[in-house]
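Chemist: Here it is, the structure in full.
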Amino acid sequence: MGVWRACTVLLIPLLCGLSHGSPDLGLDISIDFVTSNNPNIQSAAGMVSFTTSDLQGAIGGYQLAKLNGATNLIVSGEALISLVGNITVNVNDVLRNISFVSSNKQTAPSCMFGSMNATMDRAFASLDQASTLIKSIQTSTSSQNTGALTSWVMMIQTAMTDISTYLDQLYKGVAAVLASGQPLTQSTIQANINQAVLFNLAGAISVVTTAEKGLTTTVRAIRSSFEQSGNILNSYSNDLNNALNSVNNTQRDYYNQVVGRISSYQGKISWEFGWGVTDIKNTLSRVNSFVFDQDTSKAAQQLNISIGVTNTAIQSNSVIIQSSMQSQMTQIFTGAESFIQTNVKALVPVFDKSLFGLAATMSGGGAFASNCNFKYGGAITNLENNMRDGLQKCFNDYANTGYTDSFVSEYNMVIREQTRTIANRINFCLNLGSNTSPKVIKLGIAACLSETVALSDALMKDVSIQSKLVVAMINLESLATVQRVESCAAILNHGLVAKAAKLDQLLATCQTTNQ
């Protein structure tokens, strides 16, 4: 190539000075293997348009899989596109120039050779980069594919070296013809330009286009395997997003259930406690009629005070229980949600590993790739759906806040009966007579009212203890609910990890045995 470059510098002014442009590389006598014989330089170089189109078509429109974890596939895809681009642009520019020069009839083709140096430089620079690109491609395809790529590229590189060599020799021959000063006859040309040079140049050009046809087949095979791999990753990505959304929706539904249950419990407690207070308050008007009677005044006043204390105690316990219930049941959701999210974060990388193993099998394009995908692909890509279904089951079966329904309802019934007992006892005492009854009856009423005060105090102490028990039960049930969810999710986690590991083993075996 160096001789050709030196000759080019010397020959361009001389050859451009020729007044007659023709398809014979600047000479007006037909040169065999330039325009007439087949194969010849013009027809061989003219094939570049077809090989370029085929090779570009082999990679045209290919979409890289821009997915999390698909780094190798992205790098390989970009390298494949770059390799094809270098061949179809830089290498084929040389052939286009040769084709144009050998077929041009208006301008002395030798004037166009001046740009050939730079074109050849770019072609060899791109071929020098090919080995690095093929190494990148190899990370996501079979050694057979990359071996084929290497072979085709080496064939192109060797042919391009031959083209450079024969162009140098052709330029020397043209220079000799012009330097001879002889008439431009067929015999003069044949004496200075070896016909083998023209034949070999045409042959080397044909080798390039032939190698590109083979390269096209290999690129199509690699692209097909990359696309299968990309489709698997894309399908998985969509399924995983759907699964994660479904888990989040389940958590949201569970949160709504918790909020609804808190509201329901608080409503029940407010209702029952409220009626208890109302029942007792309704007795106040009747009690007041005994406050101003000398025989019942003291007992009635004590009862009035007791009723106020009782109502305050009932309301206070109601607030305590409602507040504790909201706090603890909110912690149920927070605890369950936290563990589920931790579980999801732990499982996703496990699924990714299996999925990328499957994608690698498909992009590797092994003999058993399609069958292995048929056998195990569905199970591997369905791992995230198993996670979703399992976690939903954990929520539905073990995070049921309704487990507290029974003892909250029973507690409400007890409170209702106790407050009703106080109200009934007050009414019983007041029904014994009136402030106009005989003294003995009024003394009996006073004694009854005093006993009611003692009864109310005892019942309120019982209510306080029961309230603490209910709060403790809610706390324990909250803890148990979270533990049930955690146990369920932990079992699910271990099962899915084991399943993923087994699928990895089956896939690896299938790659080599088809079993």
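Chemist: Within the group Asn86, Asn37, which residue is surrounded by fewer than 22 Cβ atoms within 10 Å (Cβ to Cβ), at pLDDT 80 or above and touching a helix residue (DSSP H, G or I) at 6+ places or on another chain (Cβ under 9 Å)?
Modeler: Result: Asn86 is the single residue among Asn86, Asn37 that is surrounded by fewer than 22 Cβ atoms within 10 Å (Cβ to Cβ), at pLDDT 80 or above and touching a helix residue (DSSP H, G or I) at 6+ places or on another chain (Cβ under 9 Å).
This table checks each residue for (1) at pLDDT 85 or above; (2) outside the structural domain of Leu55 (by the TED database).
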position	(1), (2)
Val207	yes, no
Val219	yes, no
Ser224	yes, no
Tyr254	no, yes
Ser264	no, yes
Asn282	no, yes
Ser285	no, yes
Thr296	yes, yes
Ala300	no, yes
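Chemist: Follow-up. Identify, please: which residue in region 322-357 is more than 23 Å from Leu391 (Cβ to Cβ) and touching a Phe, Trp or Tyr at 6+ places or on another chain (Cβ under 8 Å) and is, among those, most open to solvent (accessible area, probe 1.4 Å)?
Modeler: Filtering first and then ranking leaves Gln322.
Chemist: I would also like to ask the following. Cβ contacts < 8 Å: first residue in the same structural domain as Ala299 (by the TED database), restricted to region 434-445; second residue modelled with pLDDT under 90 and open to solvent by 60 Å² or more (accessible area, probe 1.4 Å), any location; separation 6+ or different chain. Result?
Modeler: Asn435/Phe292; Lys442/Asn435
Chemist: Which one is modelled with the highest pLDDT, of the residues in region 413-422 that are of a type outside the set (Ser, Thr, Tyr) and surrounded by 22 or more Cβ atoms within 10 Å (Cβ to Cβ)?
Modeler: Per the criteria, the residue is Ile422.
Chemist: Here's a follow-up. Has region 313-322 got at least one residue that is closer than 21 Å to Arg252 by Cα and part of a helix (DSSP H, G or I)?
Modeler: No, that holds for no residue.
Chemist: Which one of these is part of a helix (DSSP H, G or I) and open to solvent by less than 40 Å² (accessible area, probe 1.4 Å): Gly390, Gly378?
Modeler: Gly390
Chemist: Out of region 366-375, which residues are under 10 Å from Cys510 (Cα atoms), assigned to a helix (DSSP H, G or I) and either open to solvent by 60 Å² or more (accessible area, probe 1.4 Å) or of a type in the set (S, T, N, Q) (or both)?
Modeler: Asn371, Asn373, Lys375
Chemist: Let me ask something additional. Going through Ser187, Ser224, Ser164 one at a time, which residue ends up being over 20 Å from Val101 (Cβ atoms), in a helix (DSSP H, G or I) and in contact (Cβ under 8 Å) with a residue 24 or more places away in the chain?
Modeler: Residue meeting the stated conditions: Ser224.
Chemist: Of all residues in region 67-98, which are part of a helix (DSSP H, G or I), of a type in the set (S, T, N, Q) and either touching a residue at least 60 places away in the same chain (Cβ under 8 Å) or more than 20 Å from Asn234 (Cβ to Cβ) (or both)?
Modeler: Asn72, Ser76, Ser82, Asn86, Thr88, Asn90, Asn92, Asn97
Chemist: Taking region 399-412 only, how many residues are open to solvent by 60 Å² or more (accessible area, probe 1.4 Å) and without any contact (Cβ under 8 Å) to a residue 24 or more places away in the chain?
Modeler: The total comes to 2.
Chemist: Thr310 - would you say it is open to solvent by less than 30 Å² (accessible area, probe 1.4 Å), part of a helix (DSSP H, G or I), farther than 14 Å from Leu449 by Cβ and assigned by the TED database to the domain that holds Leu430?
Modeler: Judged against the criteria, Thr310 is not a match.
Chemist: Right, something else. Name the residue that is most open to solvent (accessible area, probe 1.4 Å), counting only residues in region 450-464 that are over 13 Å from Cys429 (Cα atoms) and either touching a helix residue (DSSP H, G or I) at 6+ places or on another chain (Cβ under 8 Å) or not aliphatic (A, V, I, L, M) (or both).
Modeler: Lys461
Chemist: For a quick check of your reading of the model, give me the residue pairs whose first member lies in region 48-66 and is open to solvent by 70 Å² or more (accessible area, probe 1.4 Å), whose second is among the aliphatic types (A, V, I, L, M), with beta-carbon atoms closer than 8 Å and at least 6 apart or on different chains.
Modeler: Gln56/Val84; Lys66/Ile74
Chemist: What number of residues in region 128-161 are modelled with pLDDT of 90 or more and not in a helix (DSSP H, G or I)?
Modeler: Going through region 128-161 one residue at a time, the tally reaches 0.
The values are calculated or read from the model by the stated rules, or taken from the named source; none is laboratory data. These figures come from a predicted structure and were not determined experimentally. Positions of Cβ are generated from backbone atoms using ideal geometry, with glycine treated the same way; all protein chains shown enter the neighbour counts. Protein only, heavy atoms only, side chains kept; ligands, DNA and RNA dropped before computing areas. Shrake-Rupley method; radii C 1.70, N 1.55, O 1.52, S 1.80 Å.
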